[in-house]
Protein chains: 2
Amino acid sequence: MDLLKVAMIGSGNWGTTVARIVASNIEIYKEEFDPIVKMWMFEEIVNGRKLSEIINTEHENVKYLPDILIFVTPHQFLVNICNNMKGKLKENAIGISLIKGLLPEKKGGIRLISEEIHDILNISVSILMGANLAQEVADGHFCEATLGCLESNEISEKLRKLFETDNFKISVVHDPKTVEVCGALKNIVGCAAGIADGLDCGQNTKAAILRIGLVEITKFVDMFYPGSHIRTFFESCGIGDLIATCYGGRNRAVCEAMVKTKKVFTTKNFSDQIFYFLDY
Amino acid sequence: MDLLKVAMIGSGNWGTTVARIVASNIEIYKEEFDPIVKMWMFEEIVNGRKLSEIINTEHENVKYLPDILIFVTPHQFLVNICNNMKGKLKENAIGISLIKGLLPEKKGGIRLISEEIHDILNISVSILMGANLAQEVADGHFCEATLGCLESNEISEKLRKLFETDNFKISVVHDPKTVEVCGALKNIVGCAAGIADGLDCGQNTKAAILRIGLVEITKFVDMFYPGSHIRTFFESCGIGDLIATCYGGRNRAVCEAMVKTKKVFTTKNFSDQIFYFLDY
């Protein structure tokens, strides 16, 4: 069997965290995966040096593109990146998106990131989402994620092997759209949770917000992506990610701070998140 | 229509909080409920005075027992209380239990509190559980509860009216055993959450513990009380109460403190909770 090549598309904190996991898993499954994991990144100068040099990797010519593409870029760069790859992928390449968020439809409405990747590149796209704040995963705390994959069990098992470690448990469900929508909509609930925290509403109210938020997400999925499985909401991508986001996420922190200070933040870290939320 | 008499059986913090809600609702629905709510209590001397005098009520002769009995005593007193009432209730009396926990079967195994009340008193027993830490309900923060009721919609609607206020939202499900089991088992997950907090595991791990705990509760209900509805776990009694317990509950606090101090608490407030947990 040919060794499968894996590439990371994106080099932010979550991308770097996942790259580390994937690289160590490829060491374990040497007979299946090519030992080199390439990370595709947007070049930046950090302390006078190229980031690419700092992490000891380079931009690659697209002719070397891989079997498995792990998309973990900020979603606003996605369309350009995919357009650059168009027509240059291996025939059986598959994608897996770790990108949280939704894209606007040109005619109004929303569009899944997996749909956009699929439509530009004509590849199958799986989804990995879950309760996994990047720093805590990187620190080796126990956490989980859900792999939503329409592919055969053989392929989903390969993807699972890429990501799972002793401390990072992956469950597979064949319901990728539900997994993806959960990962996008949880941030709205996270904002509500932050507002409740800002108002010192207490744990009962916050629990009610999370619960009602989850029920609203199930209704949204039922209406716009029919055929979802109710059990998927019990996976890490559903209740798990919602809880982690509403207690430890950045949207929560931003919204709490906005209520308590009565200011809209304009520092980069905070404002990016707010704009993501307000855009759609 | 005869006015329905309501009695509270129990006078702890949750009993007192609920008594206040019920009494104010009875004011609103004067045409349905008798204006006097009696609270049955275990006599204690507080600062040299009888607690019964302090809250301006008295033990009542059982011949005045009511139509609706709201059970909110500590569970260890329940069997004696019910035995004292046996044979003295109105023919169509109904019970509603707010008691969280489980009873031991004499032959081993566990027994629902609603089953015990039903078997001693031969009355139908509904359940009220949810994300409602007593103090926060009493303070008027928004919160929710789930009413599990096998009775007709007419009766469940009367019970709902007794409890619901603008700040305390009640949903009705016809799945009382699931509601009751959720209220009992969530405390085990609360202990696990407290241990994780004591170990500074972070939000990912804690979210994983809550998620896995909830899935375990669904499996327990499926096995021992088949016929449950998966949607019931999305109610306040399920995910809501679990979250409130795992972030704001006493079991969580006790277990965190045990890990951090490496001591088993013997102060009354803490030890009671631990023994509840260890007993079953």
Worksheet item: Which whole number gives the average count of other chain Cβ atoms within 10 Å of the Cβ atoms across peptide B:155-165?
Response: 0
Discussion item. Just checking the output field for A:124-133: average partner chain Cβ neighbours within 10 Å of each residue's Cβ?
Written reply: 2
Worksheet item: When all protein chains stay in place, what accessible area (Å², nearest 10, 1.4 Å probe) is found for A:Asp197?
Response: 30 Å²
Worksheet item: Ranked from the most accessible area to the least, with a 1.4 Å probe and all protein chains present, what is the order of B:Glu31, A:Glu136, A:Glu157?
Response: B:Glu31, A:Glu157, A:Glu136
Worksheet entry | For A:Asp119, label point 7 Å along C-beta direction: distances to other copies, nm | 6.2
Practice prompt. Give the nm distances, rounded to one decimal, from B:Pro74 to the matching residue in every other copy, measuring between label points 7 Å along Cα toward the beta carbon; shortest first.
Written response: 5.7
Discussion item. Could you sort A:Ile209, A:Ile28, B:Ile113 by their accessible area in this structure, using a 1.4 Å probe and putting the largest first?
Written reply: A:Ile28, A:Ile209, B:Ile113
Item to complete: Round to the nearest 0.05 the FRET efficiency obtained for B:Ile155 and B:Lys263 when R0 = 56 Å and r is the Cβ-Cβ distance.
Response: 0.70
Worksheet entry | Viscosity 1.002 mPa s, temperature 20 °C, Stokes-Einstein D of segment B:136-176 from Kirkwood C-alpha radius, µm²/s | 203 µm²/s
Item to complete: Count, for each residue of B:71-79, the Cβ atoms from other chains sitting within 10 Å of its Cβ, then give me the mean as a whole number.
Response: 0
Item to complete: Please work out how much accessible surface A:Arg160 shows to a 1.4 Å probe, ignoring ligands, DNA and RNA, in Å² rounded to 10.
Response: 50 Å²
Worksheet item: Accessible area lost on pairing B with A, both sides, 1.4 Å probe, Å² to nearest 100?
Response: 3100 Å²
Worksheet item: Using the alpha-carbon centroid of each, what span in Å lies between segment B:183-244 and segment B:73-152?
Response: 21 Å
Practice prompt. Could you name the lysines whose alpha carbon sits less than 30 Å from that of A:Lys86, not counting residues in the same chain fewer than 8 places away?
Written response: A:Lys5, A:Lys30, A:Lys38, A:Lys50, A:Lys63, A:Lys100, A:Lys106, A:Lys107, A:Lys158, A:Lys161, A:Lys177
Worksheet item: What does the accessible area per residue of segment A:178-277 come to in Å², with a 1.4 Å probe and no ligands, DNA or RNA counted?
Response: 40 Å²
Worksheet item: Count the lysine pairs in segment B:178-277 that are 8 or more places apart or on different chains: how many have C-alpha atoms under 29 angstrom apart?
Response: 12
Worksheet entry | Residue-level accessible surface for A:Val37, protein heavy atoms, 1.4 Å, Å² | 40 Å²
Worksheet item: Shortest first and in nm to one decimal, what separations exist between A:Ala134 and its copies in the other chains, measuring from label points 7 Å along the Cα-to-beta-carbon line?
Response: 4.6
Discussion item. As a test of reading the structure, rank B:Leu199, A:Leu162 by solvent-accessible area (1.4 Å probe, protein chains only), most first.
Written reply: B:Leu199, A:Leu162
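The values are calculated or read from the model by the stated rules, or taken from the named source; none is laboratory data. Please read all numbers here as calculations on a predicted model, not as lab measurements. Positions of Cβ are backbone-derived with ideal geometry, glycine not excepted, and every protein chain shown enters the neighbour counts. All accessible areas refer to the heavy atoms of the entire protein, side chains included, with ligands and DNA or RNA removed. Shrake-Rupley method; radii C 1.70, N 1.55, O 1.52, S 1.80 Å.
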